[in-house]
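As structure tokens, the structure follows; a few thoughts come after it.
The values are calculated or read from the model by the stated rules, or taken from the named source; none is laboratory data. Note that the structure is predicted; figures quoted are calculated from it, not measured. Note: ideal-geometry Cβ built from the backbone for every residue, glycine included; neighbour counts use all protein chains shown. These accessible areas exclude ligands, DNA and RNA; they are computed on the full protein's heavy atoms, side chains included. Shrake-Rupley method; radii C 1.70, N 1.55, O 1.52, S 1.80 Å.
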Amino acid sequence: MKQALFKTGIPVLLYTIVYIFAHQVAFLFPDTRSFTMTIWPAGGIALAALILNPVKLWKLYIPVFFIAAVAADMLLAHIPFSASIGFVSSNILESLFSALLIRNFCKSSLVNFSRFREVVCLVACAFVINAFTSIIGAATSVYFSGTSFTSAWISWYIADLLGLLLITPFVVTVVKANDFSIIIREKKLIESAAFLLLWTLSSLLIFAFPIQQQFQLAPHPYMLIALLLWPAFRLRLQIVSLALITLTIIAFTGNAMNHDLIWDTSVNETNSIFHLQVFLAFTAIIGYFFSASSSERRISEEKNRESEKRYKNLFDQTNEGLMIMSTNLIIIEVNNAFAKMHGYSISELIGQHIAFLDVNISPDKPVDPYFVNLLKTNSLAHFDVNHRHADGGIFPVRVTSSSIQIGNELFFLTFHQDITEQRKMEEALKERTQFTESLLKLNPDSLYIYDIIKKTSIYSNDGFQRILDYSIDEIQQMGPSMIQNLMHPDDYEEYLATTIKKYSSLKDNEILSTQFRMLHKDGNYRWLQANEIVYRRLDNGEPEQIFGIIHNITEMKEKEQQLEENDYFFRESQRVAGIGSYNLHIKDDCWVASDGLYQVFGIDKNYPCTTQGWLDLIHPDDSTMMRNYLLQEVIERHGLFNKEYRIIRFSDKEIRWVNGQGKVVLD
């Protein structure tokens, strides 16, 4: 907050000090007794302050200037308070209305009088707005001094006009200081100093030390206008405004105030001052208009140069090869990328016929009618050609061409892209595709993409035909009813009830594995296993297509069924014979037994199947013997286990004799 107040308050204070100082300076010039001035710089300073600051700060500047002006009139010029109110109101209204006109008409907050429109606004303010606000000042002067209204109005009008024309541009250019830095950057500081020296000497020669008119070559004030064209065209507005301020000071303070500006010796002092004021106003307007015209031309040239520079940078720095070619196929311009692409320098390519690079074009043949039609239609063309490299090699180029008009001539603008790597990638992709297709054809499994929304097969390799003997065309002809027609009714019900629902919950790359039976073309069912993932989803995330691999597991299922039957008969045989089998893992101290052994011992699968658990089942009289036998004879000496011993069944505590047999198998 304090920083913002400091940032705003310091400029306001400085402008106020300068504004009060300008009041005092104005009273140093002639005609002070009639409350009117030869020049009123305070008006120009107030206008400059409003132009240079945001509109939101005007409500601060205007009352400050008003109070400062009233105080200056009363304290420095000893003007009564009531008269000061009238004079200051005229000045403040003039500055306010002028600032509003300039801001609104110029449609910019960055006014520096470098544009013709801005100078026109300033002149309009000086001549038109000043004419109306001067009525208030003249009326006040008439009321308090009794002077003629016409003479008071003219004097007030001219003084304020000079203040606006001479002071406002000077203050604006000094505060912004851009012109001065540009002068230094453009190395025109010496030229500016030379002009100001010559201008000052010429002004002194005319107004301070005039040459008698009997000399034929005596200088005239209006000759200075021609000299002012020098900074107007060569230098900046700051030098023009500084020259005008210098001229004003010399003209009003010189010894030749009554110098005849129109070669008429009959004029009096009052008319001489008026002529001098008109001369200064006219000189300022001419200088500003010529300076603005030169500035706009300079800005336009700078924009053109900048645009040309941007175009050149874009043309040179783009990664694609660019070429401009005439209608008779002569290379006019190329960028660095194009030259590097072909292994030549830019100078080696400019002026060559395109046949120098394009192996398919001959300079002796007429221009292809396709290009002629391209010029007429101004359309884009895309084509691939083969170009010749500087090392003699041939490489493919993708060209985008269009016609452009430069001045009254038509040219081809072509973009070139070396597609050597792209061609290699395309060939590699083609080979990879052929390899993939070969793998798909050789794969004994069925690979497919199935649309679960449309219930149609999108893709299928030959595996389905090898498994079920149906051709791809036959599968396609079945349409949406393919699964229902081929899948076993029991499995189809499971498919509808479970599998389809699982599709919706599948994550990306998550595999869903299912087993089902499908009808072979011979009328028998085959067991198949499908591993599927989501291949494509709808916008709402729901699966749309499924990619799957089907493997024929009929043989595996038959073997599983055979194993189950064998295991059943084995278990039944042990149960009937009262025998059981076991497998003792000595290292892990656990054993696994068959159901028959569980029945013999009178235990279930919850019983602790460890060495101690086995010893707990042995009759106490045989327990020590069997422990030693197991540890010494079997485990240590790797002998056969062949021993009869008594057990006490865990379930009914019945004592039974059993015969245990086994052998040690080493890892």
### Task
Hey, can you tell me all the residues within the stretch 580-626 that are surrounded by fewer than 16 Cβ atoms within 10 Å (Cβ to Cβ), in a loop (DSSP other than H, G, I, E, B) and of a type in the set (A, V, I, L, M)?
Ile586
### Query
Any idea how many residues of the stretch 512-537 are free of Cβ contacts under 8 Å to residues at least 60 places away in the same chain and closer than 20 Å to Ile449 by Cβ?
13
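This table checks each residue for (1) modelled with pLDDT under 80; (2) in a helix (DSSP H, G or I); (3) of a type in the set (S, T, N, Q).
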site	(1), (2), (3)
Pro219	yes, no, no
Trp230	no, yes, no
Phe233	no, yes, no
Leu242	no, yes, no
Thr246	no, yes, yes
Ile249	no, yes, no
Met257	yes, no, no
Asp260	yes, no, no
### Message
I'd like to know if the stretch 32-40 contains one or more residues that are among the aromatic types (Phe, Trp, Tyr), within 17 Å of Ile10 (Cα to Cα) and modelled with pLDDT under 85.
### Response
no
### Task
Considering each of Leu165, Leu201 in turn, give the residue that is within 21 Å of Ile249 (Cα to Cα), at pLDDT 85 or above and open to solvent by less than 80 Å² (accessible area, probe 1.4 Å).
Leu165
#### Entry: Candidate set: the stretch 288-328, residues that are part of a helix (DSSP H, G or I) and more than 30 Å from Ile239 (Cα to Cα); chosen: the one least open to solvent (accessible area, probe 1.4 Å)
Phe315
### Query
Between a first residue in the stretch 497-508 that is in contact (Cβ under 8 Å) with a residue 40 or more places away in the chain and a second residue that is of a type in the set (D, E, K, R), which pairs have beta carbons less than 6 Å apart while being 6 or more apart in sequence or on different chains?
none
### Query
Out of the stretch 132-161, which residues are touching a helix residue (DSSP H, G or I) at 6+ places or on another chain (Cβ under 6 Å) and within 23 Å of Phe279 (Cβ to Cβ)?
Ser134, Gly137, Ala138, Ala152, Trp153, Trp156, Tyr157, Ile158, Asp160, Leu161
### Query
Looking at this structure, is Ala281 open to solvent by less than 30 Å² (accessible area, probe 1.4 Å), in a helix (DSSP H, G or I) and either under 22 Å from Ala124 (Cβ atoms) or modelled with pLDDT of 85 or more (or both)?
yes
### Task
Collect the residues in the stretch 374-425 that are more than 14 Å from Ile324 (Cα to Cα), assigned to a strand (DSSP E or B) and open to solvent by less than 40 Å² (accessible area, probe 1.4 Å), keeping them in residue-number order.
Ala381, Val385, His387, Phe395, Pro396, Val397
### Task
For Cys125, work out the one condition from (1) among the hydrophobic types (A, V, I, L, M, F, W, C); (2) under 27 Å from Thr246 (Cα atoms); (3) open to solvent by 20 Å² or more (accessible area, probe 1.4 Å) it doesn't fulfil.
(3)
